[in-house]
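The block underneath contains the structure these notes are about, expressed in structure tokens.
The values are calculated or read from the model by the stated rules, or taken from the named source; none is laboratory data. Predicted model, so just to flag it, every value in this text is computed and none were measured. FYI the Cβ positions are ideal-geometry reconstructions off the backbone, even for glycines, and counts take in every protein chain you see. With ligands, DNA and RNA removed, areas are computed over all heavy atoms of the protein, side chains included. Shrake-Rupley method; radii C 1.70, N 1.55, O 1.52, S 1.80 Å.
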Amino acid sequence: QVALVGSGGGLVQPWGPLKLSCSGSGSNCSDYANGWYRQAPGKQLELVGVISSDGNPNYADSVKGRLIIYRNNAMNTVFLQMNNLKPEDTAVYYCKARRGSFTSWGQGTQVTVSS
């Protein structure tokens, strides 16, 4: 079973870029569907996007064209490249791996978009 560690959050100015990482151990991330979620203050958990085990990504409409999910199998890591960040992207970001009935979450990493 895979265990995940998320990292890379921080403070970024509006329209800037930031890349989050989700490192796996114990199993290959590529054997799972890997998703990124976020939770803004006072709001529910929101799906940002998912990359399937065969490498196909899908994104929430709110982030299409700005956020990219990709996986580096050699590093056993899933990345979330975020571009043109907006203040409304401020949230705690979580990565998740899912296969069948098994789900693993990484710890959250805070992203704050502010000038």
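Spatially, the range 60-110 and the range 1-34 are offset by 6 Å when compared through their Cα centroids.
Over the range 74-115, all Cα pairs binned in 5 Å intervals from 0 give whole-percent P(r) values of 5, 17, 22, 22, 15, 11, 6, 1, 0, listed from short to long.
Note on the chain: with a GNM built from Cα contacts shorter than 10 Å, the maximum mean-square fluctuation among 77, 103, 90 falls on 103. Quick one: pull the percent of accessible area on the chain belonging to carbon and sulfur, 1.4 Å probe, ligands and nucleic acids left out. That share works out to 49 percent.
Scanning the chain for cysteines with no neighbouring cysteine C-beta under 4.7 angstrom from their C-beta gives 29.
So for the chain, averaging the separation of alpha carbon pairs under 8 Å that are six or more residues apart and normalising by length, what relative contact order in percent results? Write out the running numbers ahead of the final one.
Working: 292 pairs, mean separation 42.2, N = 115.
Over the chain, the number comes to 37 percent.
Straight Cα distances below 19 angstrom link residue 19 to the lysines 64, 86, 96, with same-chain residues fewer than 8 positions distant left out.
Listed values for the range 103-113 are Karplus-derived 3J(HN,Hα) couplings in whole Hz (6.51 cos²θ - 1.76 cosθ + 1.60, θ = phi - 60°), namely 9, 10, 10, x, 6, x, 10, 7, 10, 10, 10, and x replaces Gly and Pro.
Computed with a 1.4 Å probe over protein heavy atoms only, the accessible surface of the chain comes to 51 Å² per residue.
Note that the range 15-32 has calculated 3J(HN,Hα) couplings of 6, x, x, 7, 10, 9, 10, 9, 8, x, 9, x, 6, 7, 4, 5, 7, 10 Hz, one per residue in order, obtained from phi through the Karplus relation 6.51 cos²θ - 1.76 cosθ + 1.60 (θ = phi - 60°); glycine and proline are x.
Classify the chain as rounded, prolate or oblate from the Cα gyration tensor: take a ≥ b ≥ c as the square roots of its eigenvalues, call it rounded if a/c is under 1.5, otherwise prolate when a/b beats b/c and oblate if not. Prolate is the answer for the chain, as a/c is 1.5 or above and a/b outweighs b/c.
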